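Inspection log for the structure reproduced underneath, given as C-alpha cells.
The values are calculated or read from the model by the stated rules, or taken from the named source; none is laboratory data. Please read all numbers here as calculations on a predicted model, not as lab measurements. Glycine gets a Cβ as well: all are built from the backbone with ideal geometry, and neighbour counts include every protein chain shown. Remember, those area values only see protein heavy atoms, side chains included, never the ligands or the DNA or RNA. Shrake-Rupley method; radii C 1.70, N 1.55, O 1.52, S 1.80 Å.
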Amino acid sequence: MDHPHNESPVNPLPPVVVALFLVMAGIEAAFSLAARGLVGGREAVGWRTNAMETYGFSGTVFDWMVQTGQWPVEHLIRFLAYPFVHVSFTHALFALVILLAMGKIVTEAMGNLAFLTIFAVSSAVGALAWGVILDDPRLLIGGYPPIYGLIGAFTYLLWVKLGQTGAPQVRAFSLIGFLLLIQLVFGVLFGAGTDWLADIAGFVAGFFLSILLVPGGWAKLRGYLRRD
C-alpha cells in the first residue's frame, strides 16, 4: 500500500480524454500560431478559414445531399469533424476546459468507449438537428455540441445519484440550466446565434445514450420495460 505522502496531489486524467484534448488543442495552436505568422509562412494565415469551409457543418450542403441522394465522404465527415475547428482561441479555450472536466467524470464512470461514443454521437446528432430544423446558411463550428453531450451524460449520472439518496432529482439539471441562461444573456447582449439548438440536441443525445452506456444501464432499462 502506498504511503499517503507518496500519492500524487493531482488526480490524473484518463488517457483517452488527454488524447482528445491534445488533438483539439494542437489544431487550435496551429491555427493561432499561423494567424500570427509564426508557423507555415504566408499561406498559413488562411488555415483556419480553409478548415472552417472544409470541415464546418453546412446546412446548405446537408440539404443538397438530402435532395440529390448523394452522400460524398468529404461532406459526411463534417458531422464528426466540425468540433475540432473553432472560430477563435477563446472559443476553443472554453470548450477544452469543459472537455477536461466532463470527460474525466464520464470516462471514470462509464469507460473509454462510452466517452468516445457520447462525444461522436452527440456531435452527429447536434449537427443533424441543426441541419434539419434550421435553414441557416452559416457553418456550425466548434466542440460545444459534443461537449454538451458529455454534460448530458454527467447530468444523467447525477440524476441517478440524487435518486439513490432521495434528493430532488431536478437538481441534476442545474448545470445545463445555468449554461443555457448564460447563452441567453450573451444572446441578448451580443446577438443570438443558432448554435444553441445543436448544443441542446447534443445534450439530449448524451443524456439518453448514458442510459444504455452506464455499466448495467441496458439491464436496468430492460427490467424497467418488462415491469411495464
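The convex hull defined by the C-alpha atoms of the range 67-121 has an orientation-averaged projected area of 5.2 nm². When Leu197, Leu128 are compared by accessible area of protein heavy atoms, the largest-first order is Leu128, Leu197, using a 1.4 Å probe. If you average the sequence gap of Cα pairs under 8 Å that are 6 or more apart and divide by the length of the chain, what percent do you get for the contact order? Computed value for the chain: 22 percent relative contact order. Ranked from largest to smallest solvent-accessible area, with a 1.4 Å probe on the protein heavy atoms, Val214, Val17 come out as Val214, Val17. Cα convex hull, the chain: 197 Å³ per residue, rounded to a whole number. Between Val45 and Ile211, the distance separating the two model label sites (each 7 Å from Cα on the Cα→Cβ line) works out to 5.3 nm.
Heavy-atom accessible area for Leu212, with the other protein chains in place and a 1.4 Å probe, reaches approximately 80 Å². Percent of Cα pairs in the range 65-190 per distance bin of 5 Å, from zero to the largest separation: 2, 10, 15, 20, 20, 14, 9, 6, 2, 1, 0. Measuring with a 1.4 angstrom probe and ignoring ligands and nucleic acids, Trp196 comes out at about 130 Å² accessible. Figure note: Tyr82, Tyr144 ranked by solvent-accessible area, largest first, 1.4 Å probe, ligands and nucleic acids not counted: Tyr144, Tyr82.
Using only Cα atoms and rounding to the nearest 10 degrees, what angle (0 to 90) does helix 144-165 make with the longest principal axis of the chain? So the inclination is approximately 10 degrees.
Could you work out how far helix 195-213 tilts from the main Cα principal axis of the chain, as a 0 to 90 degree angle to the nearest 10? Helix 195-213 sits at roughly 40 degrees to that axis.
Val185 exposes around 70 Å² of accessible area when a 1.4 Å probe is run over every protein chain in place.
Atom-type composition of the exposed protein surface of the chain places 68 percent of the accessible area on carbon and sulfur (1.4 angstrom probe). Helix 217-227 and the long axis of the chain differ in direction by around 60°, with both axes built from C-alpha atoms. Normalised Debye scattering of the range 1-113 at q = 0.12 Å⁻¹ gives log10 I(q)/I(0) of -0.61, counting only Cα atoms as equal scatterers and leaving out solvent.
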